[in-house]
Each structure stands twice: as structure tokens, then as C-alpha cells.
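Visitor: I am attaching a structure below and will ask some questions about it afterwards.
The values are calculated or read from the model by the stated rules, or taken from the named source; none is laboratory data. Bear in mind that the values here come from a model prediction, so they are computed numbers and not experimental data. Don't worry about glycine lacking a Cβ; one is built from the backbone with ideal geometry, like all the others, and counts go over all protein chains shown. What goes into the accessible areas is simple: the full protein's heavy atoms, side chains included, and nothing from ligands, DNA or RNA. Shrake-Rupley method; radii C 1.70, N 1.55, O 1.52, S 1.80 Å.
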Amino acid sequence: GVLTTGAFAAGDYAEAAQSGRALSEALDAAGMTEEASATERTWRLAAMLAPHGRPGRAGAVYAGTTAARRDRVGLTRIDVSVNGQAQEAVFDTGANLSVLSASVAQRLGVRIEEGETAIGNGVQTTVQTRIGIAPRVEIAGNVLTNVAFLILDDADYFPQAATNTLEFELSGPK
């Protein structure tokens, strides 16, 4: 798992897919089916991300700031711009990838790729996801390019039920 997790966190999705697949097969052969299944979900997601490359940065890095606020359930929210459109986002420093509901992805012009895979949703179940790519995301004057998102069908976007407004979760630096 360390190689797979490290490669995934670094945006080296091809390496994460390759090492994850080998680990998943070894775990399965050892009879560790639950662990193999979780690892398989990771490598399949990495394989879907690999053709799109790593996210990039356009221009210089600015030491800018953006106002952060807490919503009624304690989630940190910030303002961002996706493809030139303003959007409020939950800022989650523990997430490996950012998440959008399908309807928000469409509204923001995020390109949704073909294919889907299952991911764990934090409550011992899985949901189907697709990959979306935003050519441009701006945060506090900094411009990121080729930004990958997990796209969940609106009905499967589980945090939305808790807050009624969570349509965009932005991963942050680790």
C-alpha cells in the first residue's frame, strides 16, 4: 500500500495503478479479499486518472489568501473559480481528490470522462464515480490546470444529505 498511496498522493497515477494492481493480486492470492478489494478500487481509479496526467499550475505561485468560513455543521468553506465560474467549496485537507456532484460539474463546464469505477465512501459502502477534468481552477489568485475531480451522481453524493448544500468538496494540501 505505501507505494500505491504515495504515488497516488503525488499524482503519479500510472505508478499507483501499476503498484496497486500488483498488491491487489498478491492480497487476493493470500486470501485477504477485503484488503484486495479496497486496493483494487484504488488502482482502478488511478488507472482512470493516468491518461490525464498530473495537475499543473499556470503562472507564478502567489502567497494569497482567501476568506474561510464554517458552515452550520462545522465544515470549512472557501470561494474558488472553476473555468471562470465562481463556486463555494468545502475545503478538505484530508481528501486525496476533489469531489463534485454531477449537476455542479455540468454547470461548471467540467469535462466528464467515459467509464466509471467504485470508490469507498467512508461509511463501509461503495458508490460509483466518474472522472471529470477542469482545465482551470483558481484559488486565492493561484491557477491550477488539468484538475481531476471525482464526479458522483447527485443521488449518491452522500454529504449532501447532511448539509443540504454540499455540492463541491475541494481537496487541500496534506
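Visitor: Can you give the alpha-carbon Rg of the range 92-149 over 2.2 N^0.38 Å, where N counts its residues?
Guide: Numbers: Rg = 12.5 Å, N = 58, 2.2 N^0.38 = 10.3 Å.
This ratio for the range 92-149 stands at 1.22.
Visitor: Just from its helices, what would the mean residue ellipticity at 222 nm be for the chain, if runs of 4 or more DSSP H residues each count -39500 (n - 2.57) and the sum is divided by every residue, rounded to the nearest 500 deg cm²/dmol?
Guide: Values: 5 runs with 53 residues, N = 174.
Rounded to the nearest 500, the figure is -9000 deg cm²/dmol.
Visitor: So what is the orientation-averaged projected area of the chain, using the convex hull of its C-alpha atoms, in nm²? Mind dumping the intermediate values first?
Guide: Values: hull surface 40.6 nm².
Mean projected area for the chain: 10.1 nm², to one decimal.
Visitor: Still on this model: So, R0 is 22 Å and r is the distance between the beta-carbons of A38 and N96; what FRET efficiency does that work out to, to 0.05? Please list the in-between numbers first.
Guide: Numbers: r = 14 Å, r/R0 = 0.62.
It comes to 0.95.
Visitor: Next question. Going by average Cβ density within 10 Å per residue, which order do the peptides 131-141, 49-59 take, highest to lowest? Provide the component values of the computation, followed by the final result.
Guide: Values: 131-141: 18.5, 49-59: 13.9.
Ranking the peptides 131-141, 49-59 by packing returns 131-141, 49-59.
Visitor: Given contacts defined as C-alpha pairs under 8 Å and at least six residues apart, what's the relative contact order of the range 80-137, whole-number percent?
Guide: Numbers: 62 pairs, mean separation 22.2, N = 58.
Computed over the range 80-137, the figure is 38 percent.
Visitor: Taking amide H atoms as placed 1.01 Å from N in the peptide plane, list the residues 5 or more away in sequence, or in a different chain, whose amide H sits under 5 Å from that of A95.
Guide: Amide H neighbours of A95, under 5 Å, 5+ apart: G172.
Visitor: So for the range 44-132, considering every pair of alpha-carbon atoms, how many percent are separated by more than 18 Å? Write down the numbers at each step before the final one.
Guide: Details: 2296 of 3916 pairs.
Across the range 44-132, Cα pairs with separations above 18 Å total 59 percent.
Visitor: While we're on this one: Return the ratio Rg/(2.2 N^0.38 Å) for the range 61-113, where Rg is computed over Cα atoms only.
Guide: On the way: Rg = 12.4 Å, N = 53, 2.2 N^0.38 = 9.9 Å.
Normalised Cα radius of gyration, the range 61-113: 1.25.
Visitor: Quick check for you: with a 1.4 Å probe and neighbouring chains kept, what is the accessible area per residue of the range 1-72, in Å²? Mind showing how you got there, number by number?
Guide: On the way: 4570 Å² over 72 residues.
Dividing the accessible area of the range 1-72 by its residue count gives 64 Å².
Visitor: A further question follows. Please report, as a whole percent, how much of the solvent-accessible surface of the range 29-119 comes from carbon and sulfur atoms (probe radius 1.4 Å).
Guide: So the carbon and sulfur contribution to the accessible surface is 49 percent.
Visitor: Give me, ordered by chain and number, the residues 5 or more places off I131 or on other chains with an amide H under 5 Å from its own placed amide H.
Guide: Here E113, I151 satisfy the definition.
Visitor: Which of the peptides 35-46, 69-80, 18-29 is most tightly packed, and how do the rest follow, judged by the mean count of other Cβ atoms within 10 Å per residue? Intermediate results must be reported in sequence, preceding the final value.
Guide: Working: 35-46: 20.2, 69-80: 13.8, 18-29: 17.6.
In descending order of packing, they fall as 35-46, 18-29, 69-80.
Visitor: Note down the relative contact order for the chain as a percent, whole number, built from C-alpha pairs under 8 angstrom at least six residues apart.
Guide: Values: 339 pairs, mean separation 40.0, N = 174.
Over the chain, the number comes to 23 percent.
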